[in-house]
1. Just to be sure I understand the curve: with the Debye formula and one point per C-alpha of the chain, what is log10 I(q)/I(0) at q = 0.06, 0.08, 0.11, 0.13 Å⁻¹?
2. Take every Cα-Cα distance within the range 45-96, group them into 5 Å bins from 0 onward, and report for each bin the whole-number percent of pairs it holds.
3. Give the separation of the Cα centroids, the range 163-177 to the range 70-95, in Å.
4. Which semi-axis lengths, in whole Å and largest first, follow from the square roots of five times the eigenvalues of the Cα gyration tensor of the range 180-234?
5. Per residue and in cubic angstrom, what volume does the convex hull of the Cα atoms of the range 222-270 have?
6. Divide the volume of the convex hull of the Cα atoms of the range 4-87 by its number of residues and quote the answer in cubic angstrom per residue.
7. Principal axis extents for the range 49-143, Cα atoms only, whole Å, descending order, please.
8. May I ask you to order 150-163, 15-28 by the average number of other C-beta atoms within 10 Å around their residues, highest value first?
Amino acid sequence: MTAGAGADETQSGRSGFRTAVVPAAGLGTRFLPATKTVPKELLPVVDTPGIELVAAEAAESGADRLVIVTSPGKDGVVAHFVEDLVLESTLAERGKFHLLEKVRKAPGLLNVSSVVQEEPLGLGHAVAQAEAVLDPGEDAIAVLLPDDLVLPCGVLEEMGRVRREHGGTVLCAIDVPKDEVSAYGVFDVAPVDGGADPNVLRVNGMVEKPAMADAPSTYAAAGRYLLDRAVFDALRRIEPGAGGELQLTDAIGLLIADGHPVHVVVHRGSRHDLGNPGGYLRAAVDFALERDEYGPALREWLTRRLAPDWNPQLTTS
Ligand code: UTP
């Protein structure tokens, strides 16, 4: 299935890749019961699905093609990027041009196509499905997890710069408080020989959800990857790991063992995890506070809601 804007089929984007892969075939169990019928990637952050925010980031970084990994029955995720001519003409007839602009945004961002992961066999398995649709000349892909909002945008361009300098594969990290490391995949890193940028580090390995005392650093994986095409060969060589799933981090571990350069860019902005209700709510509030139409009233209500004398019986929302 293909949708969206036209694009040059041959060139790499300005960040050194033209295809951004968005794995969206997981079960979303942390969002049940909503995700029984609604893909979590379509849950709105204020009014825009998380996957549209991530697609906009991919387009801004120079990608011209988005490959969404979907599961059977999750077609709605790709449908979000297909023009709806009936809706568009209704909005135009009614003079709702502001809404028309909003619904046209997703289909106009970049070319969107999908590949199907028949069973949720892990993130590594999901990424492996994208190989079939790459052009022979593409030597790297970006992978963006739609659960992760990495703000402000721009880290993929920085990762592209690091790949141009060092080659290989480039990952993205956030620096988390030490007492939170156990919730993350944590990088074992070393300074780059002669490297001038303290936010670019060489990766020696990665530990999934370490105990605080065992964590090799406080640099945790954020959902942005710039993967050399060699990752597909590594994905074919790994065995199922935790939960019987093929883990992308195991394939990256193999690349490191093979001597393939793997670096990390430490992102010093903010990050929201949309994959669980608590993180999703924080993102929604954060984004709503920035919006002219909702921000002031929400701020005022939150202030009242959090005041010690809050009395729900005296207040409507
Ligand atoms: P998560 O583990 O965060 O997502 O995977 P999940 O499995 O959908 O969620 P929970 O844990 O059950 O609540 C990170 C990303 O990888 C995709 C997910 O859709 C999500 O975007 N993924 C995961 C796949 O595409 N296929 C898989 O087999 C596993």
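1. Computed log10 I(q)/I(0) values: -0.22, -0.39, -0.73, -1.00.
2. P(r) over the range 45-96, rounded to whole percents: 4, 15, 19, 21, 21, 13, 6, 1.
3. Cα centroid to Cα centroid, the span is 36 Å.
4. Semi-axes (√(5λ), whole Å): 20, 17, 10.
5. It is 90 Å³ per residue.
6. 120 Å³
7. If we take the Cα atoms of the range 49-143, the spans are 46, 30, 21 Å.
8. Result, highest mean first: 15-28, 150-163.
A short reminder: the numbers here are calculations on the coordinates, not readings from a lab. The structure displayed is predicted, hence computed values, not measured ones. So basically every Cβ, Gly included, is an ideal-geometry build from the backbone, and we count neighbours across all protein chains shown.
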